[in-house]
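J.: First the structure, then my questions, so here it is.
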Amino acid sequence: MSFAGVRDWPNTALPLSDVTGVTYARAMDRAVEDSALMLRYRDGDVAAFEALYRRHNDALYRYLLRHCRHRATAEDIFQEVWGKIIKARESYRPTAKFTTYLYRVAHNCFIDYLRRNRRHAQTANVEPDSQPDTGESPDMLVERSLARRRLDAALQTLPDEQRDVFLLHEEAGLNLEQIASVTGSNRETVKSRLRYAVKKLRAAIDEPTDT
């Protein structure tokens with residue numbers, strides 16, 4: 001299965017019935033819980049899936065991109081994750097929050113990728129936090145860029161488990177219990193990993209730069 005355009009995929013590859021379906025999907029974005037949208041999709045409501053996808057695609061992509069630091073790899077895993085969600089829709093049961101379910105699939109897909117190819121630490125070819133001009137002064141933009149680069153570099157020095165916990169917390173917005181469910185760890189282990197990760201990253205961001 002190919003997801004043309006990756007994050008723009010619902011607009012380019014999803015067989016939506018008509019424009020009304022798209023409008024309906026956008027209207028559902030805030031009003032319906034994730035699990036309810038997934039149940040609607042399980043029952044054949046394609047617009048519900050588009051709403052679900054729009055709600056989570058950016059955060060999921062950032063989670064994978066910060067892990068991989070390589071756009072093509074992140075896009076491949078991103079496609080694999082949503083492909084698995086689609087294939088499993090008929091057996092979906094809301095036994096946990098959809099975000100927990102989604103990131104468990106994403107976590108497992110990334111682990112499978114590592115097992116297939118331990119050479120994932122490729123030279124970064126993207127900046128995950130690249131943003132359009134916000135109107136900030138040049139000095140502020142430079143400082144934010146330097147801090148982001150230090151953060152990105154520091155993320156890659158973390159042990160895989162600490163980086164995963166940090167990204168699940170910061171990018172996916174999962175709490176400790178949800179992260180424990182996603183990673184198959186206990187809550188205290190997750191809490192410890194997150195604490196160490198945050199400490200190291202703060203130190204890296206606050207590190208003075210050479211002039």
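J.: Can you tell which of LEU151, LEU201, LEU141, LEU167 is within 22 Å of ARG71 (Cα to Cα), modelled with pLDDT under 90 and assigned to a helix (DSSP H, G or I)?
T.: None of the other options fit; the residue is LEU151.
J.: Please determine whether any residue of the stretch 120-130 is exposed (fewer than 12 other Cβ atoms within 10 Å of the Cβ), at pLDDT below 95 and in a helix (DSSP H, G or I).
T.: No, every residue in the stretch 120-130 fails to be exposed (fewer than 12 other Cβ atoms within 10 Å of the Cβ), at pLDDT below 95 and in a helix (DSSP H, G or I).
J.: Further question on the same structure: Can you pull out every residue in the stretch 170-198 that is in a helix (DSSP H, G or I) and among the charged types (D, E, K, R)?
T.: The answer is GLU170, GLU177, ARG187, GLU188, LYS191, ARG193, ARG195.
The values are calculated or read from the model by the stated rules, or taken from the named source; none is laboratory data. None of the values given here were measured: they were computed from a predicted structure. Heads up, the Cβs are rebuilt from the backbone with ideal geometry, glycines too, and the neighbour counts pull from every protein chain shown.
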